[in-house]
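Here's the structure, in structure tokens; my notes come after.
Since every read-out is calculated from the coordinates, none of them should be taken as a lab result. Since this is a predicted model, take the numbers as computed values, not measurements. All Cβ positions, glycine included, derive from the backbone under ideal geometry; neighbour counts span all protein chains shown.
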Amino acid sequence: MITRLTICLICLSQMLLGQADFLTTNWVGRLEMPGQSHFLRVQVKEGQTYLQLPYADGNTKFKLDNFQQKSGEIQFSIERGVSTWRFASQAFENGKLSGQVISDGLQGQFFLHTLLPMESKDWQACLGDFKTEQGFIFKVWDRFNSLRAHSPLSQEVSRMYPIGDNCFFLATGEVLQFEEKGKTFYQKLSWTWEKQSAQAKRAVLYEEEKQVVYTTDADTIGTSLFLPKGKGPFPAVLMARGAANMDRSINLTEAEILSSYGIAVLIYDNYGTGESKGNPRTKDFGDKQDLVLELYRHLQAHEKIKADQIGLMGGSQGARIAAMVASKINELAFLVLRAHPMETRKDQQLYAIGAYFRQHNVQEEKIIQALHLWEQYFDLAHRKAIDHEYIAAVAEMRAAHPGMLLPAAPANQVPRYAWPDDIYDATKDYLSTISCPVLSEHGVNDDRVPPAKSIHFLREGLAKAGNEQLTVLLYPNASHSFMMNGFRIAPGLFMNEVNWIRRQLKLVSR
């Protein structure tokens, strides 16, 4: 909830601050109060200094007003709702400013690190995997020209902020120090978080085996099989694709993390992307099921894969396809469903369109009218018969409400793509033959798929098969894609999946 925040920051003298002048320096840190914890940034942009709480307020920037520096103290304020938070620094040492914060009678702590500039060429030596003696794996990679880390201890993915020589701050408050540089890479990583610490050594944990698979419908599919290091054979998961017209890189992070923990992963380019041929717009649910089933059999035949320990995993429409295919595989070891639609494609689309309207503050009466037109459109498209009466109704609505999301003109053209054939296909109708363990995951703020209804239908459908092996995980404040404010992946997502799959396979838990 947006609150009013007036911040007074009392720092040490200018002598202690030295060259780290507060108003011309970028800072990163944490703010800890009873019942709440925030990632904190202070940024200088275009001559102005702003404070941000990215995980609480997204991209909102608060300009520092009333800045004063006198008698060795620094004070400034910002407005954030109705509360007043007062900060008093107690120490500035080695580029770190720390102290107390008081708001509404509550007392907490804050700290800020000086954010240092760093060229991408300087962090290449940090990339890779680092394993602790307990078997936990820190993963560091380059994404969009900035460093990212997945910490198995905080179970979060975070951008890495340089605060010292080979030293990085994570938004969680964790600090990673890289040590013992070899010819190309650092060989060790030291991790600290609050009063905890750990050491990890560089490790090569998996290998990627690329291959083009020729399918029975004459399409070629580009694949990557991530195999854990060792002789094998290994358990495996096949990541089913859905509507996202993207190549295999969309699943790269999950594939690398899972394979690091002993689970082989097969990912592939969707139709028409990467090394895959075919037009995704002409492929219906049946085509996509056939592809996944064919890749599953291909995976079963691999010499390094345990044929009876293969599971399926998918998100959104990929989860729909995974569940449909699971109904056809008696020996399937497990099923992981992210943001899974259980209703018909029509009902799911109507839910998503309604959520879109409400996010844009469209009046409810107009939403009802628009959804009625969308429902008619789906029905008529399925029958491949868009009539003139419907065309006139859409034109009238569009004229009355320009810019409103309505079926695209000209509405008299029946869609040439495959989706009208799938419009009444409900995932829940496939569940009664699934007997393997199932993990269901949803972001609570999903605006594409209704979580409660989908979970209800999933539980009801599995019960018809006498299957009580259902685990449900909900991620607070997470979206359909499991993202949160500040482009933050829902905490725990990857490690929850790793640990759940390993338990189903009776592997040693982490």
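Filter the GluC sites (Glu not before Pro) in region 89-137 to those in DSSP coil with at most 16 other Cβ atoms within 10 Å of their Cβ, and list the result. Filter output for region 89-137: Glu119, Glu133.
Listed by Cβ neighbour count within 10 Å, with the fewest neighbours leading, Cys126, Cys436 appear as Cys436, Cys126. Remark: region 181-187, residue by residue, has Karplus-estimated 3J(HN,Hα) of 6, x, 5, 10, 10, 6, 9 Hz, where x stands for each Gly or Pro and the curve is 6.51 cos²θ - 1.76 cosθ + 1.60 at θ = phi - 60°.
The lysines within cross-link reach of Lys464, meaning a Cα-to-Cα straight distance under 20 Å and a gap of 8 or more places when in the same chain, are Lys328, Lys428, Lys453.
Treating r as the C-beta distance of Glu365 and Ala395 and R0 as 25 Å, the FRET efficiency rounds to 0.85. Straight-line cross-link reach from Lys366 at under 21 Å between alpha-carbon atoms covers these lysines, not counting any fewer than eight positions away in the same chain: Lys346. What shape does region 345-422 have by the C-alpha gyration tensor, where a ≥ b ≥ c are the square roots of the eigenvalues, rounded means a/c under 1.5, and otherwise prolate means a/b greater than b/c and oblate the rest? Verdict is oblate for region 345-422.
DSSP finds beta bridges in the chain, and of those with both partners inside it, around 75 percent are antiparallel.
Amide hydrogen proximity for Asn477: with H placed 1.01 Å from N in the peptide plane, the residues at 5 or more positions away or on another chain lying under 5 Å are Val444, Asn445.
Helix content alone sets the calculated 222 nm mean residue ellipticity of the chain: runs of n ≥ 4 DSSP H residues at -39500 (n - 2.57) each, divided across all residues, give -7500 deg cm²/dmol. Residues within the reach of a label modelled at Tyr50 (point 7 angstrom out along Cα to beta-carbon, backbone nitrogen below 18 Å), restricted to region 486-502, are 486-488.
If contacts are Cα pairs under 8 angstrom and at least 6 residues apart, what is the relative contact order of region 294-391 in percent? Each step should come with its number before you reach the end.
Details: 82 pairs, mean separation 17.7, N = 98.
Reported relative contact order: 18 percent.
Applied to region 443-457, the Karplus parametrisation 6.51 cos²θ - 1.76 cosθ + 1.60 on θ = phi - 60° returns per-residue 3J(HN,Hα) values of x, 4, 9, 4, 9, 10, 10, x, x, 4, 5, 5, 5, 4, 5 Hz, with x for Gly and Pro. If you sort the three axes of the alpha carbon gyration tensor as a ≥ b ≥ c, you get a/c under 1.5 for region 120-203, which makes it rounded.
Relative contact order for region 120-203: what is it in percent, counting Cα pairs under 8 Å that are at least 6 residues apart?
Normalised by residue count, the contact order of region 120-203 is 26 percent.
Note on Leu473 and Lys63: with the Förster distance fixed at 41 Å, the Cβ-Cβ geometry gives a FRET efficiency of about 0.55. In straight-distance terms, cross-link reach from Lys201 covers every one of the lysines whose alpha-carbon lies under 26 Å from its own, apart from those fewer than eight places away in the same chain; here that gives Lys121, Lys131, Lys139, Lys181, Lys183, Lys188, Lys229, Lys231.
Close amide H contacts of Thr49 (hydrogens built in the peptide plane, cut-off under 5 Å, sequence separation of 5 or more or a different chain): Leu64. Once the Cα-Cα distance is subtracted from the 0.36 nm per residue extended length, the Gln43 to Glu375 segment shows a gain of 114.8 nm. Ordered by the number of other Cβ atoms lying within 10 Å of each residue's own Cβ, fewest first, His480, His388, His340, His150 fall into the sequence His388, His480, His150, His340.
In this structure the amide hydrogen of Gly58, modeled in the peptide plane, comes within under 5 Å of the amide hydrogens of Gly486, none closer than 5 places in sequence on its chain. What's the FRET efficiency of Glu209 with Lys181 using the Cβ-Cβ distance as r and R₀ = 25 Å, to the nearest 0.05? So the FRET efficiency works out to roughly 0.25. In sequence order, region 76-82 has phi-based couplings of 7, 9, 9, 9, 8, x, 10 Hz under the Karplus curve 6.51 cos²θ - 1.76 cosθ + 1.60, θ = phi - 60°, and Gly or Pro positions carry x.
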